[in-house]
Amino acid sequence: MSTAGTTRAEDERGGRGGVRTALAGLTTRGRSFLAAGVAAAICAYVLGQPDLLRVGLLLAVLPLVCAAVLYRTRYRVAGSRRLSPARVPAGGEARVHLRMDNVSRLPTGLLMLQDRVPYVLGPRPRFVLDRVEPGGRREVSYRVRSDLRGRYPLGPLQLRLSDPFGMCELTRSFSTFDTLTVIPRVEPLPPVRLSGEAKGYGDGRQRSLALAGEDDVIPRGYRYGDDLRRVHWRSTARYGELMVRREEQPQRARCTVLLDTRGIAFRGAGPDSAFEWAVSGAASVLVHMLERGYSVRLLTDTGSSVPGEGSGGFAGA
């Protein structure tokens, strides 16, 4: 599971930029009220009807007041995101949990929460959150699914604030995002005895022995906690300090999987293409060999090795 860092979304106040932001947030209803008010005021001036002028001013001022009040409203909320799991195979589903906390001393109004996701994962999830009391929280969740491998960013979260009359809507964004990793499909492979397995597996596993004979000992200095039965007295007398024999360390057999990534080697595109089948097959072989105790690495046609945890690109876990 992956947890996104908690952030806060606060409304900002400014000069001309703030006024433009507030006016740009007017909805179709708000713009219609404003246009109707202006038109009524012009007609009242031309026709000399003071009552019509009052109606026009009311229609024009209402959306402007709603925009000003909404823009000056300061909601202090904290949002977090949790993926379960953060790594899924192609075609698998992951659940995204969203949590909103009201960290201010004032209750919030109606909040519309939206999370930005790539189109490959599906439509953008939208939620309507009721009034959140001071110190309260709301939790929602949605599912994502992808048939294509890759790393997909999730976020940032967006809050859409709206006034009770629906005249204006403003958007506030968080700053953090998470990454969903979609890995290739892995198919279980039947156990098959491999040539040379006796040399690198089972009772016949090779060992990098530090002791091939009494005259071939390569000792090291004594460390706290070493078994005194491993002390090599001849080397101790030679160097004047306690020396112990090195432990026998099993040498894991190694396996290299080759993957051709050239564009001319495969036809088609998409989740069912030949290249995706090749990637899935390579991943299945790697996992199968890891489960049998081998150190594995993946080489491409360019000769480069996919980064592993050990030397030469070999990974053992």
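The values are calculated or read from the model by the stated rules, or taken from the named source; none is laboratory data. Computed from a predicted structure; not experimentally measured. Cβ sites come from the backbone with ideal geometry, for glycine too, and all protein chains shown count toward neighbours. To get the accessible areas, we keep the full protein, side chains included, count just its heavy atoms, and leave off ligands, DNA and RNA. Shrake-Rupley method; radii C 1.70, N 1.55, O 1.52, S 1.80 Å.
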Task: Selection of trypsin sites (Lys or Arg not before Pro), region 78-117, meeting DSSP coil and at most 12 other Cβ within 10 Å - done: Arg105
TODO: Sort out for me the Cα centre separation of region 126-186 from region 59-82, rounded to whole Å.
DONE: 19 Å
TODO: Write down, largest first, the equivalent ellipsoid semi-axes of region 83-191 in whole Å, where each equals the square root of 5 times an eigenvalue of the alpha-carbon gyration tensor.
DONE: 34, 14, 10
Open item on the list: At a threshold of 8 angstrom on Cα-Cα distance, excluding pairs fewer than six apart, so keeping six or more, what relative contact order does region 66-156 reach in percent?
Closed with: 32 percent
TODO: Evaluate the relative contact order of region 108-181 (contact order divided by residue number), counting alpha-carbon pairs under 8 angstrom at least 6 apart; express in whole percent.
DONE: 33 percent
TODO: Could you pull the accessible area for Thr21 with a 1.4 Å probe, rounded to 10 Å²?
DONE: 60 Å²
- [ ] Would you tell me the accessible area of Glu187, worked out with a 1.4 angstrom probe on the heavy atoms of the protein chains, in Å² to the nearest 10?
- [x] 100 Å²
Open item on the list: Under a Cβ-only charge scheme (Lys and Arg +1, Asp and Glu -1), can you give me the dipole magnitude of region 48-138 about the Cα centre, in debye to the nearest 20?
Closed with: 420 debye
